[in-house]
Number of protein chains: 2
Amino acid sequence: MLPAKVKIVEVGPRDGLQNEKEFVATEVKIELVNRLASAGLQNVESASFVSPKWVPQMADGAAVMAGIERRPGTIYSALTPNLRGFEAALDAKVDEIVIFGAASEAFSQKNINCSIAESIARFEPVAKAAKEAGLRLRGSISCALGCPYQGDVPIEAVVDVVQRMKALGCDEIDIADTIGVGTAGRTRDVMAAVSKVFPRERLSGHFHDTYGQAVANIYASLQEGIEIFHASVAGLGGCPYAKGATGNVATEDVIFLLNGLGIKTGVDLDQLVEIGDFISRAIGKPSASRVGRALLAKKRDGAASCV
Amino acid sequence: MLPAKVKIVEVGPRDGLQNEKEFVATEVKIELVNRLASAGLQNVESASFVSPKWVPQMADGAAVMAGIERRPGTIYSALTPNLRGFEAALDAKVDEIVIFGAASEAFSQKNINCSIAESIARFEPVAKAAKEAGLRLRGSISCALGCPYQGDVPIEAVVDVVQRMKALGCDEIDIADTIGVGTAGRTRDVMAAVSKVFPRERLSGHFHDTYGQAVANIYASLQEGIEIFHASVAGLGGCPYAKGATGNVATEDVIFLLNGLGIKTGVDLDQLVEIGDFISRAIGKPSASRVGRALLAKKRDGAASCV
């Protein structure tokens with residue numbers, strides 16, 4: 001039995017745009033967030049309160065949060081690496097705070113020069129402050145299906161990080177295949193294992209389409225009862241590890257799957273395709289969404305085309 | 001339980017290249033077929049013996065078949081629309097004859113101006129001749145998951161065409177999602193239904209990635225016990241119904257899935273990626289394979305990249 005409905009966390013404005021070298025104007029980011037919320041996305045990852053030295057693209061997080069319309073019911077989430085970032089996010093009236101850690105020891109050491117356990121412990125003050133402020137807290141686990149440095153990642157390592165994030169009070173936990181190497185069988189096994197230590201309905205799948213596996217991994221996750229998925233409109237983001245390769249799975253492609261399965265999302269696919277076209281033009285790159293390209297080609301060329 | 005091994009029918013040299021406007025040199029086609037067979041593909045759809053007026057790209061079928069090396073055990077298949085085409089294929093020493101029909105009445109009427117039943121009955125002399133000559137006979141059913149003209153295609157219509165092709169003596173039958181609109185649930189239902197009237201181990205799935213669903217549909221088919229799949233190296237082919245949209249699923253992406261699931265194919269992924277690069281350069285188009293692009297980017301940029 002697949003879930004009857006699914007929540008999509010739209011990560012395009014944050015996870016997607018942060019990999020863009022050219023600065024995307026604040027007004028464009030605001031329009032993107034507003035249109036995504038209008039199209040029915042229930043959670044829009046809108047900003048990152050990190051040091052502008054690390055991620056200059058996200059330097060305007062406060063301005064984005066100040067400029068957007070707030071749709072009742074929509075969750076506007078933001079990444080916060082530390083207490084300073086948390087305070088900025090709180091000032092900006094973010095609804096959900098995202099903290100993060102890797103399931104790969106090699107990735108953790110290489111990227112932040114500390115162990116997984118240490119990196120998560122560092123989030124304790126942020127988690128505590130978020131809870132005190134009454135904000136939702138989401139934990140994101142990168143490299144859960146493979147690591148660019150160590151290759152395989154043991155399932156027990158993913159389970160361990162889930163337990164640490166649960167202990168910090170996370171309301172929702174993301175199992176992220178940061179480099180897109182996961183396939184359906186492994187996805188199913190990881191989802192089954194983490195469901196044993198954290199409520200299934202508050203786990204999410206974050207898949208990258210670098211190897212074309214994301215939609216199949218979502219299907220495998222649905223079969224395990226997972227009902228929250230991350231996706232990025234137009235497949236925004238690319239793969240930071242391989243230039244020209246695909247990154248985040250495109251929201252359009254995920255909605256096409258879910259519509260076909262009769263699973264409710266509340267997202268309007270036509271609007272989403274238009275938003276994908278808008279942001280692709282704004283950043284001057286072709287859409288990485290197959291559905292986006294096919295449906296736009298159909299509109300352009302007329303009736304007797306695909307579908 | 002998923003199958004332990006899968007046979008891939010590589011359709012790039014025929015189904016893929018036939019949509020290319022610019023004529024691809026015979027030597028390039030020969031090299032493509034030879035390299036695909038060397039990489040371990042067990043069945044390579046190598047030519048189409050149709051009128052050169054209809055499909056000028058395939059006019060050199062006899063020369064391709066005469067020029068290739070024959071690997072022992074490899075099946076070199078070809079499309080034959082009629083007895084004349086069959087005789088040319090027989091002269092060219094093709095191993096397997098492919099006949100075809102649509103599961104959509106609207107598609108059949110619009111494309112060949114006759115009913116599905118009539119179109120399949122017309123293949124009777126070809127089927128008989130193929131059997132008499134001791135050749136393998138494969139039947140391909142287009143629009144099995146949706147039609148560009150009528151939209152939905154009833155599962156009973158697919159089952160009916162399978163039964164007609166079975167009656168003609170087909171050794172293998174392809175369930176083809178010609179326009180890529182199928183999603184995993186429908187795929188599973190269609191595969192389950194046709195498995196009741198034709199041996200499961202001789203059914204194949206032919207999926208297009210126009211809406212990004214092909215890899216998920218293959219996974220859903222594997223769960224139904226299907227163990228033959230079609231794919232096109234570098235995703236050659238595009239979508240004839242929507243310019244710029246994706247067509248046949250890329251062989252590289254399918255092998256990545258199957259390798260991840262531990263299912264044996266006998267296909268060497270590294271060689272396949274090189275072949276995808278070779279043919280993409282030869283036709284002057286970027287590869288539509290995500291695996292191809294990611295692994296080539298990794299090779300180009302060095303070690304610390306995806307995987």
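Within 10 Å of each Cβ of A:257-268, how many other protein chain Cβ atoms are there on average?
The mean count of partner-chain Cβ atoms within 10 Å per residue comes to 3.
Could you list A:M165, B:M58 in order of exposure, starting from the residue whose Cβ has the fewest other Cβ atoms within 10 Å?
Arranged by neighbour count, lowest to highest, A:M165, B:M58 become B:M58, A:M165.
When a footprinting reagent is the concern and you count Cβ atoms within 10 Å, what order do B:S115, A:S280 take, fewest first?
Lowest to highest Cβ neighbour count: B:S115, A:S280.
At what distance in nm do the modelled label points of B:E69 and A:E132 sit from each other, each positioned 7 Å from its Cα along Cα→Cβ?
It is 7.3 nm.
Below 8 Å between Cα atoms, with a sequence gap of 6+, how large is the relative contact order for chain A in percent?
This gives 18 percent for chain A.
Taking neighbour Cβ counts within 10 Å as the exposure measure, how do B:H208, A:H206 sort from fewest upward?
With the sparsest Cβ surroundings first, the list reads A:H206, B:H208.
State the extension gain, in nm to one decimal, for the chain segment bounded by A:E20 and A:V197, taking 0.36 nm per residue of separation less the distance between their alpha-carbons.
Working it through step by step, the gained length comes to 60.1 nm.
Between the alpha-carbon centers of segment B:1-64 and segment B:140-163, tell me the distance in whole angstrom.
Using only Cα atoms to place each centre, the spacing works out to 25 Å.
Quick check: from the Cα gyration tensor, does segment A:123-173 come out rounded (a/c under 1.5), prolate or oblate?
Prolate.
Quick one: in chain B, whose Cβ comes closest to the B/A rotation axis, and how close in angstrom?
B:A216, 2
Normalised by the number of residues in segment B:19-69, what is the relative contact order in percent for Cα pairs under 8 Å and 6+ residues apart?
45 percent
At A:E22, label 7 Å along Cα→Cβ: distances to the other copies, nm, ascending?
2.7
Check cross-link reach from A:K131 to the lysines: straight Cα distance under 29 Å, and skip same-chain residues fewer than eight apart.
A:K5, A:K7, A:K29, A:K53, A:K93, A:K166, A:K196
Suppose a student asked you for the relative contact order of segment A:89-184, using Cα pairs under 8 Å spaced at least 6 residues apart; what percent would you report?
33 percent
Give a quick list of trypsin sites (Lys or Arg not before Pro) in segment A:36-91 that DSSP marks as loop, anything other than H, G, I, E or B, with at most 10 other Cβ atoms within 10 Å.
Answer by residue number: A:K53.
In segment B:1-97, what GluC sites (Glu not before Pro) fall in a loop by DSSP, with at most 14 other Cβ atoms inside 10 Å?
Within segment B:1-97, the qualifying GluC sites (Glu not before Pro) (loop, at most 14 other Cβ atoms within 10 Å) are B:E22, B:E69.
Could you tell me which of rounded, prolate or oblate describes segment B:103-142, using a ≥ b ≥ c as the square roots of the eigenvalues of the alpha-carbon gyration tensor, with rounded for a/c under 1.5 and, failing that, prolate when a/b is larger than b/c and oblate otherwise?
Because a/c hits 1.5 or more and a/b exceeds b/c, segment B:103-142 counts as prolate.
If you count the DSSP beta bridges with both ends in chain B, what percent of them are antiparallel, to the nearest 5?
Taking every DSSP beta bridge with both residues in chain B, the antiparallel ones total about 5 percent.
Partner chain Cβ atoms within 10 Å, averaged over the residues of A:204-212 - can you pull that number for me?
Going residue by residue through A:204-212 and averaging, the value is 6.
Say R0 is 25 Å: what FRET efficiency, to the nearest 0.05, do A:D270 and A:M1 get from their beta-carbon distance?
Efficiency, from the Cβ-Cβ distance: 0.30.
Label-to-label distances across copies for A:W54, with labels 7 Å out along Cα→Cβ, in nm, shortest first?
With the label placed 7 Å along Cα→Cβ, A:W54 yields 6.1 nm.
Helix-derived [θ] at 222 nm for chain B: sum -39500 (n - 2.57) over DSSP H runs of at least 4, divide by residue count, nearest 500?
-12000 deg cm²/dmol
Averaged across the residues of B:243-250, what count of C-beta atoms belonging to other chains lies within 10 Å of each residue's C-beta?
4
Name the shape class, rounded, prolate or oblate, that the alpha-carbon gyration tensor gives for segment A:188-290, where a ≥ b ≥ c are the square roots of its eigenvalues, rounded holds for a/c under 1.5, and otherwise prolate holds if a/b is larger than b/c and oblate otherwise.
Note, shape of segment A:188-290 comes out oblate.
List the distances, in nm and shortest first, from the label point of A:S115 to the matching label points in every other copy, placing each point 7 Å from Cα along the Cα-to-Cβ direction.
A:S115 label point versus its equivalents elsewhere: 7.5 nm.
A short reminder: the numbers here are calculations on the coordinates, not readings from a lab. Owing to the predicted nature of the structure, the values given are computational and were not obtained by experimental measurement. Cβ atoms come from the backbone with ideal geometry, glycine included; neighbour counts cover every protein chain shown.
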